[in-house]
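The numbers here are math on the coordinates, done by the rules we state, and not lab data. Small disclaimer: the values here were computed from a predicted structure and weren't measured. Virtual Cβ from ideal backbone geometry, glycine too; neighbours counted across all protein chains shown.
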């Protein structure tokens, strides 16, 4: 099924305990589309400034990402600066320069309006609705959001949620959105807002998928080297939605496998700065790591 | 294989967001032995005071726990008072009255010296060594410890660790013991101190088992009602060691299943105050919940 992502393409300046990188390729749509490209053709809708480097365009093209929806606008590209402490779970934002992203207002081409699988990156929920209004008959819509929108644009966000098939949030976002500390009750409350499926990302603790009245708990690969968590969530969503798009199936089994594929892609993303790990990643490495997740989670029947 | 536990039998006064109970049955050896009794005969070595209630003795006897090693000493029973906030992950100790536990010095009977499976509850590592010195030919020794001993009695603890087959700790204890934040590196450092296997308990995030160069990640059952986390860790260890004792096997497959059995028993323990959930629990409920963990963790092969 055809896959479309709308989100940000950005420059990131990131410092972790393991080093610092200035003005590297970042942004939700970048991580998503690069990750998804290992499983499915993917079309990217985003905006960059006049300063966006040709080498980044070449990289995305090289990954087979469709760039007809990548607009170049007068001005500079969105630039995020942040750092991480030793626990690497929470980024501290030092500076956000929206630049051309400030007036981003996605208009989809006739071809993009036919997308069957759509992912709404973490952008203003008013823009997320605007995108949904243009897609004619999506079979599954995935969406990300964050505390900033849950706090500041709740009504618009609730409009999005009514039309979302799979919502991706972390523990804290789920609790804030639901106004409920217990994660099972929070999940139930969020699904009552619309999403048929809810993925709760828990970083080094893996992920939960709530799907109807089923729950699936996916492990995280215990990593001894974690370089830069930036983009882990979007890489996860890219693997997840890319896999769903590839199989063309929307059954519980597929979504469970998609959570593992997402986890696999996130585990690669954090091994290097930016999308650098995806530059050399091969499909056989992806398959091998999927097998590692299987061995990590496997156990037998209880014996009497 | 015969199973022996040395630890505390206590009164607990506990307050959680869901209520308060005064002077209920508690203690590491109580939770451990009650939980283990669902899988294996278990012998308990501990001390109580003159105030220890006959009904608690009857309860343990009713569960088939061997009490020939339960000494009654002049004075009062160990009494712990604590409470939990909304996240239920960390107990705050309000009061600790060691009472008869202060001079506890376990002497094993000739029969207990023959135990093949031994669990050292969270007590002074000097006492843990004293117990190990008396057991003649254990096939597997499990042990628990805590920050208090890691800080205050490190040398004695290191002596214990050299003789331990399975160490049970939580994330924070593992990091403190190893002096290393990354959990994989911490596990490697701890196993270099002696334990062939390391279980890292992560509460609502499940548990990790490090076994040689294999890692197993066990999910936690997402619970919508969690009443009282007291004793969850000891109930986990009781289910784990009880299951190992029952199967009589010491292979990687058995230890993975044991982690799930431990998780099952912990998930029951937290549903009520004290050991109350174990009073009505049946083997078929245990088997049913094991099946729930299987469905929770199950996923298929990646499809091309």
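Is any residue of region B:199-218 close enough, with backbone N under 20 Å, to a label point placed 7 angstrom from the Cα of residue B:249 along the Cα-Cβ axis, and if so, which? Under cut-off, by backbone N: B:199, B:209-218. Modelled this way, with points 7 Å down the Cα-to-C-beta line, the labels at residue B:224 and residue A:192 are 1.0 nm from one another. Between A:57, A:47, A:129, the Gaussian network model of chain A with springs among Cα atoms under 10 angstrom shows the greatest mean-square fluctuation at A:57.
Which translational diffusion coefficient, to the nearest whole µm²/s, is obtained for region A:116-155 from the Stokes-Einstein equation, given a Kirkwood hydrodynamic radius over C-alpha pairs, 4 °C and 1.567 mPa s? Roughly 122 µm²/s, to the nearest whole number.
When A:191, A:241 are sorted by how many other C-beta atoms sit within 10 angstrom of their C-beta, beginning with the fewest, the order is A:191, A:241. Of B:92, B:214, B:128, which is the most mobile in a GNM of chain B whose springs link Cα atoms less than 10 angstrom apart? Between B:92, B:214, B:128, it is B:214 that shows the largest mean-square fluctuation. When chain B is turned onto chain A, the axis of that turn runs closest to one Cβ of chain B, and that residue with its distance in whole Å is B:205, 2. Extension gain for residue B:53-residue B:133 works out to 25.6 nm (0.36 nm per residue, less the C-alpha to C-alpha distance).
Dividing the convex hull volume of the alpha-carbon atoms in chain A by its residue count gives 135 Å³ per residue. Placing a label point 7 Å from the Cα of residue B:55 along the Cα-to-Cβ direction, the distances to the matching points in the other copies come to 7.5 nm, shortest first. The label point for residue A:67 and the one for residue A:151, both projected 7 Å from the Cα toward the Cβ, are 3.6 nm apart. Projecting 7 Å from Cα along the Cα-to-Cβ direction, the label point of residue A:212 sits 4.0 nm from its equivalents in the other copies, listed shortest first. Would you mind telling me which residue in A:195, A:219, A:283 has the biggest mean-square fluctuation in a Gaussian network model of chain A, where springs connect alpha carbons within a distance under 10 angstrom? Its mean-square fluctuation being the largest, the pick is A:283.
What separates the residue A:114 label point from its copies, with the point 7 Å along Cα to Cβ, is 8.0 nm, written shortest first. Footprinting exposure proxy ranking of B:144, A:124, A:213, B:87, fewest other C-beta atoms within 10 angstrom first, gives A:213, B:87, A:124, B:144.
Taken residue by residue and averaged, Cβ atoms of other chains lying within 10 Å of the Cβ of B:218-224 number 6. DSSP bridge analysis restricted to the protein assembly as shown gives an antiparallel fraction near 40%, rounded to the nearest 5. If you take the Cα centroid of region B:77-125 and the Cα centroid of region B:1-30, the two points sit 9 Å apart. To make sure I understand, if each residue's beta carbon is the centre and we count other beta carbons within 10 Å, what order do B:201, A:20 fall in, fewest to most? The order, fewest Cβ neighbours first, is A:20, B:201. Shielding of peptide B:205-212 by partners, expressed as the average count of other chain Cβ atoms within 10 Å per residue Cβ, is 3. Going 7 Å from the Cα of residue A:96 along its beta-carbon direction, which residues of region A:191-234 have the amide nitrogen within less than 19 Å of the resulting point? A:229-234, by backbone N distance to the label point. With only Cα atoms counted, region B:217-299 has Rg and Dmax values of 12.4, 35 Å. Here region B:257-304 and region A:269-304 have alpha carbon centers that stand 26 Å from each other. Extension gain for the segment residue B:181 to residue B:294, taken as residue separation times 0.36 nm less the Cα-Cα distance, is 37.6 nm to one decimal. When the alpha carbon gyration tensor of the protein assembly as shown is reduced to an equivalent ellipsoid, the three semi-axes, largest first, read 50, 23, 22 Å.
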